[in-house]
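A quick write-up on the structure given underneath.
The values are calculated or read from the model by the stated rules, or taken from the named source; none is laboratory data. This is a predicted model, so every value here is computed, not measured. Virtual Cβ from ideal backbone geometry, glycine too; neighbours counted across all protein chains shown. Accessible surface areas use protein heavy atoms only, side chains included; no ligands, DNA or RNA. Shrake-Rupley method; radii C 1.70, N 1.55, O 1.52, S 1.80 Å.
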Amino acid sequence: MNRPAAPGFLRHLWLLWGLRLNIGLNSGSGRNRLLAVGAFLLSSAPAWGLGVTFYGLMRLRPIAESGVWPFFILNLLCFVTAAVWVTWPLMSAGVDDHSELSRYAPFPISPFRLLIASTVASLFEPRALVFYAPLTGAALGYASVHPVRAPWFAFGLYVLFALLNAAWSRVGLHLVLNVLREKHSAELIGGGFVLFLVGASLIPPIDTSWLTTAMGEGGVDKLDMAIIVDATLALGRVPPGFFGDALLELSYGYRRNALADGLGLLFFTLVGLGLAYALLLRFHRGVGRAGPGVKESGDNDPFARTRSRYTTLVVREALDLWRNPRARLLASVPFVLAILMKLTSGRALFEYMLGASADAWLMGGLCIYGAVVMASTFSQNTFAYDGHGLAMLIAAPVRLGDVLRAKNVVQGAAAGAMALLVGVFYRVYFGKGTALDFLCAMAAVVSVIPVLLAAGNFLSLYFPVKFHASLKRRDKLPLTASMLGIVAASVGCAPFVWALRFAGKSGPTGQTLAMIALCATVNVVLYRALLPLALRLLDYRKEIVLRAVTRE
């Protein structure tokens, strides 16, 4: 009997995408499956608006007839798209299933082919459609005004650009995975943050006076176009800018120059894939070792001074969160964003657009972001980190409701502490922001945390998934659960946004603070009202949750 031939690469792609689709939809059927598909389409909806907007922008007569602005916009979008896509693993502190060799280990597919297939598959996600929409719309708008030679070659260059970003995104993801698995991950993350802070302090902030001039009374006509030309050329010399430069060359008929840009994209894509593969193999070689080490504390028992079972549970949850490497990475993200904002003179731009309200928006936004990533990451699948320990908690002489309360207390306190540190850092690092700005930011955090915890309790009961402590794989949350989490965060942030919009450019007032504080009080009351229902559901669904978080 002849042995069947191994599947080809395209067949592997088809099988992997089909399997990942079932995983993403949580293997649902019927109504649940339709709901998940609807959530996918809904989460991709912003891509259409962004694409149409930038398509129209490139067709505006002042831009279309300019010899500089179309190329500046294209090269800038290429750089921004690549920067966001490549740094996304750090921004989200995510460990997604594109890095999983273990899930597909029984398959007749080589590790490198698996890496390529899963990297390509990452381009067909809602976030990819949204991130690439502005550049796609701008490129199509430019091509509609300035026809390019060999349009199929231009499409191939676009595909190479997407693969370049996907490859270097894998580099960032696998680098994060390796750092999180190191025994001294806390020292590595802390040391990297200090080096980044020192390095950023030595670099002068970007001069954005030209942009404020263009947006001010002088208008675009008063700009020194030499600055825009230099910026366009500089953006076109970095690998992501090769795509924008290639479109320029094709519109003028210089196919050889466009081919050189394409070869450059291909070269840096292959370099990125090679680095990603090396980092991935390093991660899987070390994944058999023990995780991030915890120093022996001798006779210092953290539970020796706890006087009640509930206090013991709170201390246990706090220690688990403190030792979680992903929490350490999440804690560094808002500070990195603040440093980048100062380095790129982002505050100056916001001050021009928002006036006296700029610091309230920025401080509040960073504080809310820190609280959201810390609270939502751990509250929306709160029992997953217990794993088989949940069976011991169910069998122990403790009420499982006290376990959920302890988790809520620790996660809420961690999110609040995170926001407090970010607010203080903003005031010290930028030297800006009033006491009222700080109080509005803290009130906004108090408003969003109860909503996240309440939503997280129900999501943890209805959409539980297993957490793999080795980070070697992860069972993804269903898209429906992710979308509901985003909705909860949006609802929690809404009072802060509405209050500052009412304040306008004149800055927040006592009335602004009162409005946010009132909404925060309402959210706290709603959380306390919904908590008994969550506790009753926990008693009813504890076996379902246990099976989900312990399955292999």
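Across region 530-535, rounded Karplus estimates of 3J(HN,Hα) from the backbone phi angles (6.51 cos²θ - 1.76 cosθ + 1.60, θ = phi - 60°) give 8, 4, x, 5, 5, 5 Hz, Gly and Pro being marked x. So if I take the centroid of the Cα atoms in region 229-272 and the same for region 134-184, what is the distance between those two points in Å? If you average the Cα positions of each part, the centres end up 12 Å apart.
Here is the P(r) of region 480-544: all C-alpha pair distances, binned every 5 Å from 0, give 3, 15, 16, 17, 18, 11, 8, 6, 3, 2, 1 in whole percents. Length, then width, then depth: along the principal axes, the Cα atoms of region 317-390 run 54, 19, 15 Å.
If R0 is taken as 35 Å, the Cβ-Cβ distance between VAL522 and ARG59 corresponds to a FRET efficiency of 0.15. Ordered by 1.4 Å accessible area with all protein chains kept, MET374, MET392, MET515 run largest first as MET392, MET515, MET374. Taking region 228-271 and a reference point 7 angstrom along Cα→Cβ of ALA83, the backbone N atoms nearer than 18 Å belong to 228-245. If you look at the Cα atoms of region 512-552, you get an Rg and a Dmax of 16.6, 50 Å. Residue-wise HN-Hα couplings along region 56-69, as the Karplus relation 6.51 cos²θ - 1.76 cosθ + 1.60 with θ = phi - 60° gives them from phi, are x, 4, 6, 9, 4, 4, x, 7, 4, 8, 7, x, 10, 4 Hz; Gly and Pro carry x.
Among the trypsin sites (Lys or Arg not before Pro) in region 232-281, those located in a DSSP loop and surrounded by at most 15 other Cβ atoms within 10 Å of their own Cβ are ARG237.
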